[in-house]
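Take a look at the structure below.
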Amino acid sequence: MRIHFFLRRVHLRKVNVRRVAVGAVVVLAFALASWSCTQNPDLELKQQSNESASILENATVNEIQTHIARFKGKKPVLVNIWATWCLPCVEEFPYIMDLKQQYGEAFELVFISADFEEARAEATDFLKEQGVDFTTFFKQGKDNDFIAGISEKWSGAIPYTLIIDKDGVTHTEWEGKADYQDFEHALLEVIK
């Protein structure tokens, strides 16, 4: 009987020690969380995430179509759907940026990233490396709905490019990589 009493007493002490240890960990975690909220690095993190948001914004196909429609009657729009995992997309990206630099405000450039959510940071870094300093879009929604909402002619393969004239009519569209001359030729036809 004394052995059972002793074991129960030791067991209770173990339980109490565990409770105290768990309580201490909870208090320490709360204190660290409270302290970290008052530090400046958190502010820097918020600023960095806001910078990312201004370069790469989530958008559904309807939101993108609404954005494109804003330029109807004003100027042509070049839409390019790309992803960091798509080598042809990455290869042609500088051509499009060169056109934007050369022809400036003569057309609106709309980039849409088809990257997976896990690659969002990589997509943002890529855009910064390419000198993108304007808002681009990060595809949201189901693939089939998105593809159908962009164009009936699009199979879903990327890169995919649409050139829309200033009347809001699709002038040309193609799947696959193009070179600088292809982009320039198609763009000049709608800029005139």
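Restricting attention to the stretch 84-122, the residues that are hydroxyl-bearing (Ser, Thr, Tyr), more than 21 Å from Lys74 (Cα to Cα) and assigned to a helix (DSSP H, G or I) add up to 1.
Among residues of the stretch 82-141 being among the acidic types (Asp, Glu), touching a residue at least 24 places away in the same chain (Cβ under 8 Å) and out of contact with any helix residue (DSSP H, G or I) (no Cβ under 6 Å at 6 or more places or on another chain), the one that is surrounded by the fewest Cβ atoms within 10 Å (Cβ to Cβ) is Glu105. For the stretch 150-169, the set of residues classified as farther than 15 Å from Ser113 by Cα and either surrounded by 16 or more Cβ atoms within 10 Å (Cβ to Cβ) or in contact with a Cys (Cβ under 6 Å, 6 or more places away or on another chain) (or both) consists of Trp154, Ile163, Ile164, Asp165, Lys166, listed by residue number.
Since every read-out is calculated from the coordinates, none of them should be taken as a lab result. Bear in mind the structure is a predicted one, so any value in this text is a computation, not a measurement. With ideal geometry, Cβ positions are generated from the backbone for all residues, glycine too; neighbour counts draw on all protein chains shown.
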